[in-house]
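Structure record follows, encoded as structure tokens.
The values are calculated or read from the model by the stated rules, or taken from the named source; none is laboratory data. Treat the numbers as computed from the prediction; the structure is a model and nothing was measured. Using ideal geometry, Cβ is built from the backbone for each residue, glycine included, and neighbour counts are taken over all protein chains shown.
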Amino acid sequence: MIHRIEKDLHRFRRIIRGKIKENLRKYITRGELIGRQGKDVISIPLPEIEIPRFRYDLKKTGGVGRGEGEVGAPIGVGDGEAGREAGGLPGEHILEVEVSLEELAQILGEELELPDIKFRGKKNVLSRRDRYKTISHVGPESLRHFKRTYMQTLKRRISSGMPVQDIFPMAPIREDLRYRSWTELEDPESNAVIIYMMDVSGSMGREQKELVRLVAFWLDTWLRCQYKNLEVRYIIHDAEAREVDQHTFYHTHESGGTRISSAYQLCARLVNEQFSPENWNIYPFHFSDGDNWGGDVGESDTAKSLIILEKKLLPAVNCFCYGQVYSPYGKGRFLNDLQNRFKDDTLITTEISSRDDITQAIVDFLGKGK
């Protein structure tokens, strides 16, 4: 039977979940939400409803309902308050609520109607766990199975021909003792790796990187809910590419040109050396303003990038996602080159011009369940 306080708690959690779901699209575009992230939970600010209460006048003078009163007399104005006007702005009441990242991912999936990931068949590894489902003749006293021990003692005394009146009380002997024991079960689990690549050339400014950071947070949140084992790698590139940590990924600013092929070559090398497609679900995400060196496809770096993508990356990954971030300094031609070259749904592209496009970018990247 559930106690009343537990019912109230469950009701409160349902209300909180509904409020988060109602305002989720607003939270998706708020960068400060990421700063509230802990190891397994995230703190979300919600409007707090203040319950009204009666307050009694300690002076016991004045107020509505006291005395005869006169026609036209003002109501509710205390001493020294004549001429004061009511404020026109609501008070700020904020409630900080901690929500697990797993629950936040579930809310994200429900609100954006994201399908569960369809794992690639050969990417399952076995994890082992213990389950207490067998009985043993030996074991620690903390695992003694009292019912089995009792039944074994009773059977032994009855089978020995002991008169019924002498059967009870019973004291088990060593051979009667039974203990709970465990068996080792193997559960299939799926490994996954996210490889983030970002153009950090001079045309990618602070606002563009903030858009990438927001999209990446929600991609992380959803994929961590889908996979128990998830690794994340970061690659930045201008004319050259290198692997970096998360902080460097979001805070590096270069002034050089752009060679997208350098990032794709490094990504392909990571996949080949560390993340075999036979054992991993692989998700490369590349963000750029679309301004690549060399102009038209032909002998340019774009042609080299498309070959690497076609020959090395697309056959090995679950899906390859490209997000083109609008920049006033970029030409944005790489997106068109990708769309003209590839029609396979393994390549997913989207445009991110402002924070209003973040939600659609998440749906584009995750909406196919690959």
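Worth a mention:
- Residue that is farthest from ALA192 (Cα to Cα) [pool: residues in segment 224-237 that are touching a strand residue (DSSP E or B) at 6+ places or on another chain (Cβ under 7 Å) and surrounded by 19 or more Cβ atoms within 10 Å (Cβ to Cβ)]: HIS237
- TYR283 falls short of the stated requirement of being among the hydroxyl-bearing types (Ser, Thr, Tyr), more than 25 Å from the chain's Cα centre (by Cα) and within 30 Å of LYS21 (Cα to Cα).
- Hits in segment 238-264 - residues which are under 17 Å from VAL193 (Cα atoms) and not aromatic (Phe, Trp, Tyr): GLU243, VAL244, ASP245, GLN246, ALA263
- The set of residues from segment 119-157 being among the aliphatic types (A, V, I, L, M) and modelled with pLDDT of 80 or more comprises ILE135, VAL138, LEU143, MET151, LEU154.
- Hits in segment 194-206 - residues which are surrounded by 22 or more Cβ atoms within 10 Å (Cβ to Cβ) and assigned to a strand (DSSP E or B): ILE195, TYR196, MET197, MET198, ASP199
- Segment 350-370, subset over 16 Å from the mean Cα position of the chain (by Cα) and loosely packed, with under 14 Cβ neighbours inside 10 Å, residue nearest to LEU114 (Cα to Cα): ASP356
- Test: residue in segment 306-317 that is surrounded by 19 or more Cβ atoms within 10 Å (Cβ to Cβ), among the basic types (Lys, Arg) and more than 24 Å from the chain's Cα centre (by Cα): no
- Residue within segment 302-317 that is touching a His at 6+ places or on another chain (Cβ under 6 Å), in the same structural domain as GLU231 (by TED's automatic domain parsing) and within 28 Å of CYS225 (Cβ to Cβ) present: no
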